[in-house]
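The values are calculated or read from the model by the stated rules, or taken from the named source; none is laboratory data. These figures come from a predicted structure and were not determined experimentally. Don't worry about glycine lacking a Cβ; one is built from the backbone with ideal geometry, like all the others, and counts go over all protein chains shown. For accessibility, only protein heavy atoms count, side chains too; no ligands or nucleic acids. Shrake-Rupley method; radii C 1.70, N 1.55, O 1.52, S 1.80 Å.
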Amino acid sequence: MPRGIPSILFILLIVALLGLWAWSVSASHAPAAAPTALTLPAPDSSRLTVITANIRISEPDDGPNAWPNRRELLVKTLLKYNPDLIGCQEVSPAQGAFLIKEFAPWFTHYPRAGVGTIEGEGSANNSGTSQLLGEVTASFASLDTLFYRSDRFDQIDGTAGLVLPDQPQANPSENTFFTQAVLKQKSDGKLLIVINTHLRHQQQFAANCALKLRENLAAALKKYPGADCLLMGDINFDRTEAPCRALVGDPNALDGLGLLSDTFDYAHMQPNQLYGNWHAFTGFPQRRLPTDLIFTSPGWKSQQTTEIRDAGPHGLWPSDHFFTLSQLSRP
């Protein structure tokens, strides 16, 4: 084992390198993409349209729903709603390259080379190990890629990496990564701090990660006072469970962040209807309550929050998750 790399992080390193190799192989055998031939209207300054989308990592065993078959449908589905921000989860390098190319006329992405910082890069005294770990961490962080409208926002700061409230999980795939960007609105200079994440399945660890993400938001808010805050992603737990409660926060907390609001409109849920996001390419949700969620700092008004349940031809789905869309405004 290379000196200076803890055993679990070394496992993460090996898994990441093997994953990058597998993804590059799958990308090299994928058919060439046809252009989406879409146009988007100018951003609507009166509202902010946000989508959180678990796009399902490229998996050849998905058969008819394998990534090469659904990627154009996924792009058209997301762009159909003219979003300002898209937080994608489970984005492999090959998938990321495709999305970056397809979104390029309208969106900039983060993480990207030379912008922001990657947490856990280490010290200059161990430059070789530090650089390697930084590159691996950046690859994992890219699983949660944030796309933002380049004609609406400039990025002035950013950080990404491993959410590490405790020791890394022994199962590398059960570790949580995040992307955090500070965006400046071109029209009025208003700042927006955005986190995109994918919490994992062990409830207590997920709750600890949620608390750590709130700490990240609170620290960014101290650096950029007056900024709005937004957190989105595949939370893997619903509002009744500890990770969501941790994200919302404690009314007695003194971190300056305040309570975050879950934007989903539960009042309009129909009795006996399922609103879970994961549907395993069947179109039938597996849970009563949504788990792919969007949270906002105080002051936002949710004009509309819906699940995007668009299907393609011949039973094709853009992902094994329904996406969540929020249209937000200021009173």
Simple label model, 7 Å out from Cα along Cβ direction - residue 173 to residue 223, nm
3.3 nm
Partner aspartates and glutamates for residue 190 [C-alpha distance under 17 Å; skip if fewer than 8 residues away on the same chain]:
44, 84, 151, 154, 157, 228
Report P(r) for the stretch 143-199: all Cα-Cα distances, bin width 10 Å, range 0 to the bin holding the largest distance, values in whole percent.
22, 42, 22, 12, 2
Fully extended contour minus Cα-Cα distance, from residue 215 to residue 115, at 0.36 nm per residue
33.8 nm
Can you tell me how much longer the chain between residue 253 and residue 150 gets when fully stretched, taken as 0.36 nm per residue apart minus their C-alpha distance, in nm with one decimal?
33.6 nm
Setting aside same-chain residues fewer than 8 positions from residue 80, which lysines have a Cα under 20 Å from its Cα?
101
Summed side-chain charge close to residue 199 - residues other than residue 199 whose Cβ falls under 11 Å, Lys, Arg +1, Asp, Glu -1:
-3
Across the stretch 209-220, in residue order, what do the Karplus-derived ³J(HN,Hα) couplings come to in whole Hz, using 6.51 cos²θ - 1.76 cosθ + 1.60 with θ = phi - 60° and x for Gly and Pro?
5, 4, 5, 5, 5, 4, 4, 4, 4, 5, 5, 5
Sorted by mean Cβ packing within 10 Å, highest first, what order do the peptides 168-180, 215-227 take?
168-180, 215-227
Using alpha-carbon positions, the gyration tensor of the stretch 73-114 gives root eigenvalues a ≥ b ≥ c; with a/c under 1.5 called rounded, otherwise prolate if a/b exceeds b/c, else oblate, the class is prolate
Given 0.36 nm per residue, what is the gain on full extension from residue 282 to residue 314 after removing their alpha carbon distance, in nm?
10.3 nm
Distance in Å, no decimals, from the C-alpha centre of the stretch 66-92 to the one of the stretch 286-304 is 19 Å
Solvent exposure, largest accessible area first (probe 1.4 Å, DNA, RNA and ligands not counted), of 232, 269:
269, 232
Cα-based Debye curve of the stretch 230-320 sampled at q = 0.15, 0.19, 0.24 Å⁻¹ gives log₁₀ I(q)/I(0) of -0.64, -0.95, -1.30
I want to make sure I understand the PRE zone here: with the label point 7 angstrom from the Cα of residue 47 toward its beta carbon, which residues in the stretch 301-331 have backbone N atoms less than 20 Å away?
301-310, 323-331
Global form of the stretch 282-331, assessed from the alpha-carbon gyration tensor, a/c cut-off 1.5
prolate
